[in-house]
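Everything below concerns the one structure shown next.
The values are calculated or read from the model by the stated rules, or taken from the named source; none is laboratory data. Everything numeric here is computed off the predicted structure, so don't read it as measured data. So basically every Cβ, Gly included, is an ideal-geometry build from the backbone, and we count neighbours across all protein chains shown.
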Ligand code: HSE
């Protein structure tokens, strides 16, 4: 019998995801090896602190201190960058690609910040970059866009891309509990990023939206070119108001392209979704993405978007793809190729063209004439009111006003908010949520 080829893997970073990869690769190794026709060996693992207590047992000889040495090691075929951050992670990724290796990454912030450079380096040096774990954890959305839906152009992609926020919003709604205490719980469960602001302020979802927008439209949109708003100011009362209006509230990433004008908009914000919408009913740490293709119609993807096992599942799928690529010869495997969709002239939509309905919550002095003042500001910006709900607010002498609008646009709403927050009768910063009409 001929000796089996062994593919050597290096792990840079051995936190939650790295340990998950070790655990599941060890568990399924025999089956994977038989399916892929090669031996799989995790040869080296770069860790910051070799003495740290871990949930998996690994031979000490596999531990290394220098992640860059793994990227440079000629014996290593596949480098998994699972450490996060954008400085050392970038150096390791570029070094490995320059050496013609395959890099597997779960690092959405890195791809968002340096994607263009990473793919150019891969192309130049014959390296390859796989990143299934970077968006929606265990949900194979990268493969779906890149392979399964390759025949399509995408007018709408939207969904829940941050499991931590979805967990927090679901718990707030179900338990009528305040944001801060549910956030603490999400952190204890290990869902949140090391810097939780990335989750709750919408940046993590924005990084993932940037990756999806690039795959679907061939253009890198930086988060500072997007509308990015988080969930920190949502209260249990907003869920009650939304329910009264027939909606749920989700933090959505929304990528829409008008193929007539070639305008693209990429945004992340809490959104009121019709309560019958499937995505409005996706709870907990789950992610859900609706992809509408011009050929296939609407397709839905739902699954765990965060956590050790789901993310390890995606990393191992990339390792399997990398093995297939290494075995069949570089450049022949579809997911390794960076073929941009023909989106040469895509441009970002101006604020006037980002249209929709809005939910506006104001805390106001409970005095005569206040509603008229608010209505007059909205009229000045040509924003038409569709409904009003008034209830007493927490502080004495104040009221909570919830207004919904007919269709307007982002520019008009910005002007409206600016002017409303200057009114003496408005006692707190207004909260603006978008209302979506997506049905599936
Ligand atoms: N903090 C991220 C989330 C982890 O909650 O979705 C997965 O990217």
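How many of the residues in segment 351-377 are in contact with a strand residue (DSSP E or B) (Cβ under 9 Å, 6 or more places away or on another chain), over 30 Å from residue 155 (Cβ atoms) and in a helix (DSSP H, G or I)?
Total satisfying the criteria: 5.
Taking into account only those residues within segment 25-49 that are in a loop (DSSP other than H, G, I, E, B) and within 20 Å of residue 89 (Cβ to Cβ), which is modelled with the lowest pLDDT?
First, the residues of segment 25-49 that are in a loop (DSSP other than H, G, I, E, B): 37-38, 47-49.
Subset that is within 20 Å of residue 89 (Cβ to Cβ): 47-49.
Numbers: 47: 93, 48: 87, 49: 84.
Out of the qualifying residues, it is 49.
Return the total of residues in segment 57-90 being crowded, with 22+ Cβ neighbours inside 10 Å and part of a helix (DSSP H, G or I).
Residues meeting the conditions: 4.
Hey, could you check segment 178-230 for residues that are out of contact with any helix residue (DSSP H, G or I) (no Cβ under 8 Å at 6 or more places or on another chain) and farther than 27 Å from residue 265 by Cβ and say which is surrounded by the most Cβ atoms within 10 Å (Cβ to Cβ)?
187
Can you report the number of residues in segment 284-308 which are modelled with pLDDT of 95 or more and under 28 Å from residue 189 (Cα atoms)? Don't jump to the end; show me each part of the working.
Initially, segment 284-308 is screened for residues modelled with pLDDT of 95 or more, giving 286-303.
Narrowing further to those that are under 28 Å from residue 189 (Cα atoms): 286-290, 300-303.
Counting residues in segment 284-308 that are modelled with pLDDT of 95 or more and under 28 Å from residue 189 (Cα atoms) gives 9.
Which of the residues spanning segment 381-402 are closer than 30 Å to residue 225 by Cβ and touching a helix residue (DSSP H, G or I) at 6+ places or on another chain (Cβ under 7 Å)?
Within segment 381-402, 381, 382, 383 qualify.
Run residue 252 past the list (1) surrounded by fewer than 23 Cβ atoms within 10 Å (Cβ to Cβ); (2) assigned to a strand (DSSP E or B) and report the number of the one that doesn't hold.
Checking residue 252 against (1) surrounded by fewer than 23 Cβ atoms within 10 Å (Cβ to Cβ); (2) assigned to a strand (DSSP E or B), the one that fails is (1).
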